[in-house]
1. Yes or no: Thr298 under 23 Å from Ser407 (Cβ atoms), of a type in the set (Val, Ile, Thr) and in contact with a strand residue (DSSP E or B) (Cβ under 6 Å, 6 or more places away or on another chain)?
2. When the residues of the range 98-120 are narrowed to those that are aliphatic (A, V, I, L, M), part of a strand (DSSP E or B) and over 23 Å from the mean Cα position of the chain (by Cα), which ends up surrounded by the most Cβ atoms within 10 Å (Cβ to Cβ)?
3. Taking the range 290-302 on its own, how many of its residues are modelled with pLDDT of 85 or more and surrounded by fewer than 13 Cβ atoms within 10 Å (Cβ to Cβ)?
4. Would you mention how many residues in the range 282-317 are farther than 21 Å from Val366 by Cα and among the small types (Gly, Ala, Ser)?
5. List pairs: first in the range 106-127 and closer than 13 Å to Ser87 by Cα, second of a type in the set (S, T, N, Q), Cβ under 6 Å, 6+ apart or cross-chain?
6. If the requirement is being surrounded by fewer than 20 Cβ atoms within 10 Å (Cβ to Cβ), at pLDDT 85 or above, touching a strand residue (DSSP E or B) at 6+ places or on another chain (Cβ under 9 Å) and of a type in the set (D, E, K, R), which of these qualifies: Asp201, Asp181?
7. One residue is enough: does the range 175-192 have a residue meeting the conditions in contact with a Gly (Cβ under 8 Å, 6 or more places away or on another chain) and aromatic (Phe, Trp, Tyr)?
8. Kindly indicate the residue of the range 77-97 that is touching a residue at least 40 places away in the same chain (Cβ under 8 Å) and more than 15 Å from Gly112 (Cα to Cα) and also surrounded by the fewest Cβ atoms within 10 Å (Cβ to Cβ) among those meeting that condition.
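The values are calculated or read from the model by the stated rules, or taken from the named source; none is laboratory data. Note that this is a predicted model, so its numbers are computed, not measured. Every residue, glycine among them, receives a Cβ derived from its backbone with ideal geometry; neighbour counts consider all protein chains shown.
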Amino acid sequence: MGVIELGLVTDAGQEPLESLSRPIRHGDLRRILLAAIALLCLFGVTASALPVSHAPRQLWTVPFRDGSDGFTVTPEAVYVLSTMDGSLTAYASHTGEVLWSSTELGGASWVGAVESGVMLLPAEDTTVQVDDPEGGGSYYRQFTRRTVAVDAATGRHLWRQPGDFAASADGLVLLVEWNDDGTSARTLRVVRLRDGSPVWDRPGGGLETWVAGNGIGAGSDRLVTVTDSGATTVYDLTNGREVASGRLPWNRQDRGDGTYTNISAEGHRLYLENVVDQRGTVSAYDTETLGKLWQIDTRSYGGFTSCGPVLCISTPLGTTGYDRDTGHLRWSRADAANVYPITGGLLVVDEQNGGRRTLIDAGSGVAVIDMGTATLVWDYTSADDMPYLVSHTEEPAGRMAVSRLDSRTRHVRLLGTIDAISENSCQSAATILACVAAGDGRLAVTDVG
């Protein structure tokens, strides 16, 4: 392992990296960036030829209220939702030119990713207070009553329908209409993404839980529904055909004592999570038959997540990776407080309560790159396996180093630095990096390519 002085720690094979030859000085950024790139090439972190990309350069900024406004990024446009006037504005990614703006969104609360040229926005947020008959208290539920679809290129409204956007797959959208207090579903309806035309619908019948393609992993064409008694039905999401039915071991979701059941779907695999008195079990089922494939029992259970080739289960003692097909233990790491899967079969592991991070191989649990305090920047538009990393610089203080991780070669290449940003506020698409600037109420868009 070797350390890059701007804050990134990279895997340099058997050859250690040396420090930069002199400290970074204010006002000398351009020379430092060139020196850093040259050093990285010399020490084997990048290819021997000089990269064709340039240092990061800020393209434009726009007013932004962190914590209330929302944005999403594509290679062509940056979309900003203002909660002040309810407007959604599309800016050209490289110039900041306003492509279109709309204030007729019907109370949209946040902006999602663009899929097949369509942006879905939840509207009419509703918060209700629900009495807890067993605990004697009450709790709050928040959900949305309607979904708005907008053409991402022109801003034209494509459709507006009742229901909360729950999942999408193969050009179809699942909308769930809630009852008055948001505790169960009245109707499950599938419409076409582009024009909102109906494909099929079914009465909710008091369903407590359902899951489709946007569960712990993308790509499922199955919709799984469960009642409060555990009666389970699997449907083909594309046409509404019933695939399988049965009964799963199920705990009511409103008990208020830490007991709960949860389901997730990935492909034709269903995962059932049952937690009672802090002891958890995770079971895998075949969605085509609802036959159980395997089960894992864990004391002091903390949760599970999809980790590429394995299923990760967290406990107060760390995180373990289990084989998806057999449920057998593949690896265990006591230093892994939280894990975040990325492309290329890699996981980001939070250590020291998030104070440091390590990139590990998902299949073996072996450490690949010590990331230090760097954080990943997510790209919601692509399955590209070269995400960006940002980290605080030591000198000059108050700036952020930007690097790119190639998960295939498992090398990190330093690109340069940008102004200070709010923590975990960045999104990327292609060479565009959009981040909320620290303290000045603006969204800054940078070309890092």
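1. For Thr298, the condition - under 23 Å from Ser407 (Cβ atoms), of a type in the set (Val, Ile, Thr) and in contact with a strand residue (DSSP E or B) (Cβ under 6 Å, 6 or more places away or on another chain) - is not met.
2. Taking the candidates together, the pick is Leu99.
3. Residues in the range 290-302 being modelled with pLDDT of 85 or more and surrounded by fewer than 13 Cβ atoms within 10 Å (Cβ to Cβ): 2 in total.
4. Of the residues in the range 282-317, 6 are farther than 21 Å from Val366 by Cα and among the small types (Gly, Ala, Ser).
5. The qualifying pairs are Val111/Thr72.
6. Of Asp201, Asp181, the one residue that is surrounded by fewer than 20 Cβ atoms within 10 Å (Cβ to Cβ), at pLDDT 85 or above, touching a strand residue (DSSP E or B) at 6+ places or on another chain (Cβ under 9 Å) and of a type in the set (D, E, K, R) is Asp201.
7. Checked against the condition, which is being in contact with a Gly (Cβ under 8 Å, 6 or more places away or on another chain) and aromatic (Phe, Trp, Tyr), the range 175-192 yields no hits at all.
8. Result: Gly96.
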